[in-house]
Amino acid sequence: LTMLKLLDVTKRLEHKCHKFADSKKCPNELKSYYFKELPSASSLLKDLEIISLDFETTGINPKEDYILSMGGISIVKGVIDFQTSFHYYVNNSKYIKKDSAVINQITPEQLQQGKDPKVAIKDLLDKISGKVVLVHCQFIETNFIKQALNLKQRDPLPFIVLDTMNIERKLTEHTSGKQDLRLSAIRQKRGLPEYDAHNALVDSLATAEVFLSQLKDVYGNKPKYLSQVYKRSH
């Protein structure tokens with residue numbers, strides 16, 4: 001029964017997406033995204049495109065804060081494909097805060113040259129709907145996407161999420177002492193190079209590298225199935 005539940009996880013999400021698309025709650029312009037077929041839970045990871053995604057924002061509260069930039073890069077056939085990388089600013093310059101500007105070095109001038117927020121979120125959905133999306137701390141990206149689309153907390157999103165923070169938490173849950181689950185701390189622990197943080201594209205690359213390192217730790221050279229990694233992410 002447990003295996004059936006695991007194998008069924010993407011089909012259950014697909015069913016929720018279709019149900020949502022058929023309801024009055026789903027805006028017409030989003031329906032096509034929600035009708036996209038999702039990968040099967042029994043898929044091998046090497047057969048899937050996994051899009052590592054990161055946002056820079058004015059803060060961590062989706063109800064009060066705004067997306068400033070989006071960056072991403074794909075893992076294709078188990079390898080990071082630099083040709084798939086993307087990065088753009090989102091023109092939320094009127095919401096920029098001094099604190100966030102100090103942290104992520106994004107200026108109002110850069111944002112004014114950026115994409116309109118509605119265009120940015122639509123372009124992002126064009127890239128990620130129906131796909132597997134990789135993030136570090138899914139609370140941030142998933143909830144900011146929902147806020148940008150005016151969706152409610154319980155509404156589904158039309159893609160599968162894997163989370164390196166949750167994977168690391170489960171890998172270290174029996175370790176004594178409090179675990180530092182920040183992306184930079186995990187990279188340091190794993191001997192990965194230090195990057196300048198707070199750039200959405202760089203952080204998406206950093207997340208992708210951590211993910212591949214985690215897979216090696218857990219599965220070695222064995223086949224890696226979406227169902228197994230999804231379970232570790234949730």
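The values are calculated or read from the model by the stated rules, or taken from the named source; none is laboratory data. All values derive from a computational prediction rather than experimental measurement. Cβ: placed from backbone, ideal geometry, glycine included. Neighbour counts: every protein chain shown. These accessible areas exclude ligands, DNA and RNA; they are computed on the full protein's heavy atoms, side chains included. Shrake-Rupley method; radii C 1.70, N 1.55, O 1.52, S 1.80 Å.
Explain nothing, just compute: Karplus ³J(HN,Hα) = 6.51 cos²θ - 1.76 cosθ + 1.60, θ = phi - 60°, for every residue of the range 28-39 in order, whole Hz, x for Gly and Pro.
Ordered by residue, 3J(HN,Hα) equals 3, 6, 9, 4, 4, 5, 7, 8, 5, 6, 8, x Hz.
In terms of modelled amide H atoms, which long-range or inter-chain residues lie less than 5 Å from the amide H of Leu162?
Val133, Leu134, Val135
Sort out for me the Cα centre separation of the range 36-57 from the range 161-197, rounded to whole Å.
So the two Cα centres are separated by 20 Å.
With a 1.4 Å probe and all protein chains kept in place, how do Asp123, Asp65 rank by accessible area, largest first?
Result of the area sort, largest leading: Asp123, Asp65.
Per-residue HN-Hα couplings for the range 83-94, Karplus 6.51 cos²θ - 1.76 cosθ + 1.60 at θ = phi - 60°, whole Hz, x for Gly and Pro?
Computed from phi, the couplings for the range 83-94 are 5, 8, 5, 9, 7, 8, 7, 10, 6, 10, 4, 5 Hz.
Hey, what's the range 115-190 come to in accessible area per residue, 1.4 Å probe, Å²? List each step's numbers first, then the result.
Details: 3790 Å² over 76 residues.
I get 50 Å² per residue for the range 115-190.
Using a simple spin-label model with points 7 Å from Cα along the Cα→Cβ vector, what separation in nm is obtained for Val202 and Asn28?
4.4 nm
State whether the chain is rounded, prolate or oblate according to the following rule on the C-alpha gyration tensor (a ≥ b ≥ c being the square roots of its eigenvalues): a/c under 1.5 gives rounded; otherwise a/b larger than b/c gives prolate, and the remaining case gives oblate.
Taking the square roots of the gyration eigenvalues as a ≥ b ≥ c, the chain is oblate.
List the residues, sorted by chain then number, that are 5 or more residues from Thr57 or on another chain and whose placed amide H is less than 5 Å from its amide H.
Under 5 Å from the amide H of Thr57 lie the amide H atoms of Leu68, each far enough along the sequence or on another chain.
Kindly flag which residue pairs out of Lys152/Lys216; Lys19/Lys94; Lys131/Lys152; Lys118/Lys224; Lys115/Lys189 have an alpha-carbon separation exceeding 26 Å in this structure.
Where the Cα-Cα span goes over 26 Å, the pairs concerned are Lys152/Lys216; Lys19/Lys94; Lys118/Lys224; Lys115/Lys189.
For the chain, which whole-number percentage of the solvent-accessible area (1.4 Å probe, protein heavy atoms only) is attributable to carbon and sulfur atoms?
Values: 6760 of 12790 Å².
Carbon with sulfur: 53 percent of the solvent-accessible area.
Across the range 221-234, in residue order, what do the Karplus-derived ³J(HN,Hα) couplings come to in whole Hz, using 6.51 cos²θ - 1.76 cosθ + 1.60 with θ = phi - 60° and x for Gly and Pro?
Each residue's phi maps through the Karplus curve to give 9, 6, x, 10, 9, 4, 4, 5, 6, 4, 4, 6, 8, 9 Hz.
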